[in-house]
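Undergrad: First the structure, which I've put down as structure tokens, then a few questions once you've had a look.
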Amino acid sequence: MASQLDICNDALSEIAADPINSIDEASSSGFYCKQHYPRVIAEMTTWTDFDFLIRRTALALQPNDRKGEWLYRYGKPSDLADAIAILPKVEEQRTDLPAAGPYNFPAWDALGKLPFIIAGGSIYTNVADAILEYQVNAIDPAVIDPLTARACALELATRLAMPLKKSRNLKGDLIKQAEVAKQRAIAESENRSPRRSTSYVSEAEYARMGVGV
């Protein structure tokens, strides 16, 4: 279980700098960790759809100012980093699917993700009572998995190498290590939650499998 201090001290150890007791301490290491740590975490949220960052929320309806384009306008969550998908309300999601089979789950995206756009701080879609699946822009370090925490520490170390050690060679080596660690973290996350390839399933095929009959 990672913490802000753990990630900072792991980064400092990579550049052979002394550990800190607090990110707010009056030292050069504390100053630069406090400066760069939030940026590293913010960038990490853009690497992939990490499962520990994903949330779902019912969207708040707003007056629609694009009636010729979309049926509904919703407010954007304040902690939104990246929108993943729009879902119909739970009552409209199918409940007659068997536990397994050669078709997409859930049935509402058999033809692809439900369309939406984000513009001017609002979310536009044609789905009534929409639910948004999204990544948050702030996270408790304790929920970050070990490989991602390691990647964050190495990424932070690349930012600390110049101000604390004045070494471009060290920074260059750390950039290579950080990129490898980042790709490992992304691969592990996507292996845990593989992305589905969407293929169309006709009503006739559903009927032959006894779904919706």
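The values are calculated or read from the model by the stated rules, or taken from the named source; none is laboratory data. Since we're looking at a predicted model, the values are computed, not measured. Note that we place each Cβ from the backbone using ideal geometry, even for glycine, and neighbour counts take in every protein chain shown. The protein model used for the area step is the full one, side chains on, heavy atoms only, and it has no ligands, DNA or RNA in it. Shrake-Rupley method; radii C 1.70, N 1.55, O 1.52, S 1.80 Å.
Undergrad: Restricting things to Cα coordinates, could you compute the convex hull volume per residue of the range 144-187 in Å³? Before the final figure, lay out each step's value.
TA: On the way: hull volume 2.2 nm³, N = 44.
So the per-residue hull volume is 49 Å³.
Undergrad: Using a 1.4 angstrom probe and counting only protein chains, how large is the accessible area of ARG150 in Å², to 10?
TA: The accessible area of ARG150 comes to roughly 100 Å².
Undergrad: Report the net charge of residues surrounding CYS33, where surrounding means a beta-carbon distance below 13 angstrom and charges are Lys +1, Arg +1, Asp -1, Glu -1.
TA: -4
Undergrad: Next question, about the same structure. Could you sort ILE123, ILE23, ILE54 by their accessible area in this structure, using a 1.4 Å probe and putting the largest first? Numbers along the way, then the final one.
TA: Details: ILE123 0, ILE23 20, ILE54 55 Å².
Ranking ILE123, ILE23, ILE54 by accessible area, largest first, yields ILE54, ILE23, ILE123.
Undergrad: By the gyration tensor of its Cα atoms, with a ≥ b ≥ c the square roots of the eigenvalues, what is the shape of the range 13-56: rounded for a/c under 1.5, prolate for a/b over b/c, or oblate?
TA: prolate
Undergrad: Give, as ranges by residue number, the residues of the range 18-57 whose backbone N falls under 11 Å from the point 7 Å along Cα→Cβ of ILE175.
TA: none
Undergrad: Can you find, among ASN169, VAL136, THR125, the residue sitting farthest towards the positive end of the charge dipole of the range 118-174, where Lys and Arg contribute +1 and Asp and Glu -1 at Cβ?
TA: Looking along the dipole axis, the top candidate is ASN169.
Undergrad: Using only the alpha carbons of the range 28-81, determine the length spanned along each of the three principal axes and report them from longest to shortest in whole angstroms.
TA: Its Cα atoms span 55, 23, 17 Å along the three principal axes.
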